[in-house]
């Protein structure tokens, strides 16, 4: 293989990594902004606002960066990583990566009992019970939102967030 072909392959690989990193950064920004449009019951909040990630992904790093610079109201943001569904403790948002979406059924009962916003990134996740699911539309990151699933979690959603996402039933 000549040097020109090697260079083109390296550029393609590099650009796909940059695009993936940007996507994870945008998802983290969305997740942080969801906190402005979702209302949790009084008893489910403490002095810290916890976002837990189940699965592997660069989003953890992106969320940690946001947590260093921002708060949710007066609460410090804490980012946790869960190894399994059974290790999820007190949290307000649970982000489930694509590779762990098959665990949604068992997560729903936990999320409902603890008022946890369930956010995913795999097609048809809202049909399985997720509240918000990231999708790509025409190369742009967007999200689906299921009002009924949010309400089942004991949360209230601002109509502005409903208008920003794609409502699904």
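How many angstrom lie between the C-alpha centres of region 29-52 and region 68-89?
What the calculation gives is 9 Å, centre to centre.
May I ask you to compute the full-extension gain from residue 163 to residue 39, defined as 0.36 nm times their residue separation minus their alpha-carbon distance, rounded to one decimal in nm?
Working it through step by step, the gained length comes to 43.0 nm.
Convert 20 °C to kelvin, take the viscosity as 1.002 mPa s, use the Kirkwood radius over C-alpha pairs of the chain as Rh, and evaluate the Stokes-Einstein diffusion coefficient in µm²/s, rounded to a whole number.
The calculation lands on 129 µm²/s.
Just to confirm the number: angle between the C-alpha axis of helix 59-69 and the first principal axis of the chain, 0 to 90 degrees, nearest 10?
With rounding to tens, the tilt is 60 degrees.
Order these peptides, 155-165, 124-134, by their mean beta-carbon neighbour count within 10 angstrom, highest first.
In decreasing order of mean packing, 155-165, 124-134 become 124-134, 155-165.
Which of 121, 144, 48 comes first, and how do the rest follow, when ranked by fewest Cβ neighbours within 10 Å?
Ranked by crowding around the Cβ, least crowded first: 48, 144, 121.
Could you let me know the centre-to-centre spacing of region 143-164 and region 90-109, using Cα atoms, in angstrom?
Taking the Cα centre of region 90-109 as reference, the centre of region 143-164 is 17 Å away.
For the chain, find the longest principal axis of its Cα atoms and tell me its angle to the long axis of helix 104-114, 0 to 90°, nearest 10.
40
Relative contact order of region 60-149: what whole-number percent is it, with Cα pairs under 8 angstrom and at least 6 residues apart?
After rounding, I find 18 percent.
Simple spin-label model, 7 Å along Cα-to-Cβ: residue 103 to residue 137 in nm?
With each label point 7 Å from Cα toward Cβ, the separation is 3.0 nm.
Quickly estimate the mean residue ellipticity at 222 nm for the chain, helices only: each DSSP H run with n ≥ 4 gives -39500 (n - 2.57), and the total goes over all residues, rounded to 500.
-12500 deg cm²/dmol
Readers should treat all values here as calculations from the given coordinates under stated rules, not as data from a laboratory. Not measured: the values here are computed from a predicted model. Virtual Cβ from ideal backbone geometry, glycine too; neighbours counted across all protein chains shown.
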